[in-house]
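A.B. asks: I have a structure I would like to understand better, so I am pasting it below and will then ask my questions one at a time.
The values are calculated or read from the model by the stated rules, or taken from the named source; none is laboratory data. Nothing here was measured: the structure is a model prediction, and the numbers come from that model. Cβ placement follows ideal geometry from the backbone for every residue including glycine, while neighbour counts extend to all protein chains displayed.
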Amino acid sequence: MIQKPVLPKNWVAVGFSQDLEKGQINIVIIEELELVIWRDHKGQVHAWDNRCPHRGTRLSLGFVRGNQLACLYHGWQFGGDGQCVYTPSIPDSTPPKSLKAHTHRCVELLGLIWVAPLDFEHKDIKGLESHLRDSMDFQPVRSMIIHCSAENIFNRLASIPFPPSRIMSRRLRSISNMRLIQETESVFLWEDDENRTLASYQFREIQPGFFQFNCESEGTADVLLFALQKIDSQKTALHLLLAPENWSSDPISLKLAYAQWSKKLRNQLEQIF
Amino acid sequence: MTKTTDPVAINDWQVIGRIDDFLKGQPKQTRLLGQSLVAERHKNGDIKVHEISELGETLRSCPVQEKFGHVWTTLGKPKRELFDIPEFQQIDRKYVGCGGVMAKASALRVVENFLDIGHFPYVHTDFLGSEPLTEVKDYKAEIRIDVDEVWADEISFHQDKAMLSATGGKAVEYMYRVVSPFNTVLYKTCPEKPEEWDIIGLFAQPLEENLCRVYAFMLVFDSQNTETDLIHFQQMIFFQDIIILENQLPVGVPLYDGAERSIKADKTQLQFRKWLKQKGLQFGTDQET
């Protein structure tokens, strides 16, 4: 008998808001639990178990009509709160309250879509914003799937810094006798012979699976946000956001530089673990 | 892949192919309820079926019968004879055996889908039904204890193209009959001979809990269409169903309370589930955690 999967008791980021348009439906998996994520025509996002309460059909095969999701099998229509409002085979009756999709909390913040269990006892997700400086303008860089456990990703990022080229430039890397020092558990510094800090790399966990990285060198300061979504014990989705000190006249190049860096990071993670 | 321990599934007749699928001197390997089998038609025409080990060693010999265009065997000792479909004796009916189609689904889900009418406007749009005529009016469904079968009748549904021989949309009458857990037939209004029923049947070979091979067949009055056309029509319908069948969770049918919600239109399925529960069938069901 296999234990049925359940959502972990914290907020999990499952993708970028910009990647889910009105009327669009996606499937996401959190710790082996398959969810349907959909956006109604008002713009509201919803996250439910990907299983119609009738005969277990994947709701992700259905279609969005206005602010309702209809199941492909029998056309049952569900409102945003998960309540079935219409069963076409008995068109003149109001469906009982027991006909309901299994819903979860779903909000959008920082350009990400977040999911948590309905009964999750924790302060509202807005609390996340208080961890971050108001002046930072985070933009999505990319989402990717990494064949590596979420725990290993965290351990790796926390113990072996992997500085992006914007921070660890070729010029810096060519400096001989540059040393890497771990100042604290979460702060790495690159110093020269005279103990001058050339570059720094600092990370902190804002909440389980959600980290902030501050990378600085020679007047460049970038802040990265990593949101990890554990798919299963060997696969994790990573959603990367960036807030440079200022978005220059070429934000696309900046994002591209970090997208390429994240690809290299994935290669590293998939080889080692 | 191990043989099931479910006595209800073991001690019953199951289909393993069409009669024409077994040619003399060409042994065929197949699987039934998790058990590997080999079936061979000998020079004298008889089919012999054996259980075989994973290494191919011949084990127990299984009883065989050829009936209704198909080959049947059992891994145990059935308490009753194979069911009967008397309409096979009607000589002016056209018999069409569509052949086996694999479905990554529990055979019980396949049978339940066959019994379901509410999905016609959504899965078989513009053939077996379409919006806005989606209502399934009340009908009768029961477990007939004397014959140990599930029956549903007095069903009526508007169909745009109910059968290949149908010309234009109209109300179609239906009756359903489940003759054993993985085998079922339906009777529907015959467009060519309104005083008769056309018959469509489904024999599901349960290979594994999440895999089956489905043999559909027809016994119809149709002087216009070829066998090929009839098979194509039926295959189109079934491929539309496969989209659903391979996307139902859990894979096995949950017979315990609270797992799935039903409405009035699901009467036949509810009687079917009650009947399966009474039998104690495990294979193809979802177990409560």
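A.B. asks: Quick test for you: out of A:A257, A:A227, A:A237, A:A221, pick the one residue that is of a type in the set (A, V, I, L, M), in contact with a Phe, Trp or Tyr (Cβ under 9 Å, 6 or more places away or on another chain) and not assigned by TED's automatic domain parsing to the domain that holds A:V115.
C.D. replies: A:A227
A.B. asks: Here's a follow-up. Show me the strands (runs of 3 or more DSSP E) entirely contained within segment B:59-163 in which 3 or more residues are in contact (Cβ under 8 Å) with a residue 24 or more places away in the chain and within 13 Å of another protein chain (Cβ to nearest Cβ).
C.D. replies: Hits in segment B:59-163: B:149-159.
A.B. asks: Something else about it: Hey, can you tell me all the residues within segment A:203-250 that are over 24 Å from A:I125 (Cβ atoms) and polar (S, T, N, Q)?
C.D. replies: Listed by number, the residues that qualify are A:S217, A:T220, A:S233, A:Q234, A:N246, A:S248, A:S249.
A.B. asks: From the list B:D20, B:D92, pick out the single residue that is in the same structural domain as B:E196 (by TED's automatic domain parsing), surrounded by fewer than 18 Cβ atoms within 10 Å (Cβ to Cβ) and out of contact with any helix residue (DSSP H, G or I) (no Cβ under 9 Å at 6 or more places or on another chain). Lay out the reasoning, then the answer.
C.D. replies: Details: B:D20 fails: in the same structural domain as B:E196 (by TED's automatic domain parsing).
Within the list B:D20, B:D92, the selection yields B:D92.
A.B. asks: While we're on this one: Among the residues of segment B:39-89, write down those that are touching a helix residue (DSSP H, G or I) at 6+ places or on another chain (Cβ under 8 Å) and among the β-branched types (V, I, T).
C.D. replies: Result: B:V71, B:T74.
A.B. asks: Are any residues in segment B:221-270 assigned to a loop (DSSP other than H, G, I, E, B), among the polar types (S, T, N, Q) and more than 10 Å from every other protein chain (Cβ to nearest Cβ), and if so, which ones?
C.D. replies: Across segment B:221-270, the qualifying residues are B:S223, B:Q224, B:N225, B:T226.
A.B. asks: Before we move on, is B:A171 small (G, A, S), in a strand (DSSP E or B) and modelled with pLDDT under 95?
C.D. replies: Against the criterion (small (G, A, S), in a strand (DSSP E or B) and modelled with pLDDT under 95), B:A171 qualifies.
Residue-wise test of (1) outside the structural domain of B:F120 (by TED's automatic domain parsing); (2) at pLDDT 95 or above; (3) closer than 28 Å to A:Y86 by Cβ; (4) not charged (D, E, K, R).
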residue	(1), (2), (3), (4)
B:F217	no, yes, no, yes
B:L230	no, no, no, yes
B:I244	no, yes, yes, yes
B:L255	no, yes, yes, yes
B:R273	no, yes, yes, no
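A.B. asks: Sort out which residues of segment A:44-66 are among the β-branched types (V, I, T) and facing chain B (nearest Cβ under 9 Å), and write them in order of number.
C.D. replies: Of everything in segment A:44-66, just one residue is among the β-branched types (V, I, T) and facing chain B (nearest Cβ under 9 Å), namely A:T57.
A.B. asks: Collect the residues in segment B:8-42 that are free of Cβ contacts under 8 Å to residues at least 40 places away in the same chain and part of a strand (DSSP E or B), keeping them in residue-number order. Steps first, answer last, please.
C.D. replies: Initially, segment B:8-42 is screened for residues free of Cβ contacts under 8 Å to residues at least 40 places away in the same chain, giving B:23-29, B:36-42.
Listed by number, the residues that qualify are B:K24, B:K28, B:Q29, B:S36, B:L37, B:V38, B:A39, B:E40, B:R41.
A.B. asks: Ok, one more. Touching a residue at least 12 places away in the same chain (Cβ under 8 Å), surrounded by 19 or more Cβ atoms within 10 Å (Cβ to Cβ) and part of a strand (DSSP E or B): which single residue out of A:A237, A:A221 fits that description?
C.D. replies: A:A237
A.B. asks: Kindly provide the set of residues from segment B:271-289 that are surrounded by fewer than 17 Cβ atoms within 10 Å (Cβ to Cβ) and within 12 Å of chain A (Cβ to nearest Cβ), ordered by number.
C.D. replies: B:Q287, B:E288, B:T289
A.B. asks: Taking B:D138 as meeting all but one of (1) in contact with a helix residue (DSSP H, G or I) (Cβ under 7 Å, 6 or more places away or on another chain); (2) crowded, with 16+ Cβ neighbours inside 10 Å, write down the number of the exception.
C.D. replies: Checking B:D138 against (1) in contact with a helix residue (DSSP H, G or I) (Cβ under 7 Å, 6 or more places away or on another chain); (2) crowded, with 16+ Cβ neighbours inside 10 Å, the one that fails is (2).
A.B. asks: Identify the residue in segment A:112-135 that is surrounded by fewer than 16 Cβ atoms within 10 Å (Cβ to Cβ) and among the hydrophobic types (A, V, I, L, M, F, W, C) and, among all such residues, is modelled with the lowest pLDDT.
C.D. replies: A:L132
A.B. asks: If A:V6 satisfies every condition in (1) without any contact (Cβ under 8 Å) to a residue 40 or more places away in the chain; (2) exposed (fewer than 15 other Cβ atoms within 10 Å of the Cβ) but one, which is the exception?
C.D. replies: Of everything listed in (1) without any contact (Cβ under 8 Å) to a residue 40 or more places away in the chain; (2) exposed (fewer than 15 other Cβ atoms within 10 Å of the Cβ), A:V6 misses just condition (1).
A.B. asks: OK, next. Just one of (1) of a type in the set (K, R); (2) touching a Gly at 6+ places or on another chain (Cβ under 7 Å); (3) in a strand (DSSP E or B) trips up B:K3, so point out which.
C.D. replies: So the condition that B:K3 fails would be (3).
A.B. asks: Looking at segment A:24-43, which of its residues are within 14 Å of chain B (Cβ to nearest Cβ) and among the hydrophobic types (A, V, I, L, M, F, W, C)?
C.D. replies: A:I25, A:I27, A:I29, A:L33, A:L35, A:V36
A.B. asks: Only one of these conditions is not met by B:V49: (1) closer than 30 Å to B:K3 by Cα; (2) under 19 Å from the mean Cα position of the chain (by Cα). Which number is it?
C.D. replies: Status for B:V49: all satisfied but (2).
A.B. asks: Do we have any residue at all in segment A:68-80 that's within 14 Å of chain B (Cβ to nearest Cβ), at pLDDT 95 or above and within 24 Å of B:T289 (Cα to Cα)?
C.D. replies: Within segment A:68-80, not a single residue is within 14 Å of chain B (Cβ to nearest Cβ), at pLDDT 95 or above and within 24 Å of B:T289 (Cα to Cα).
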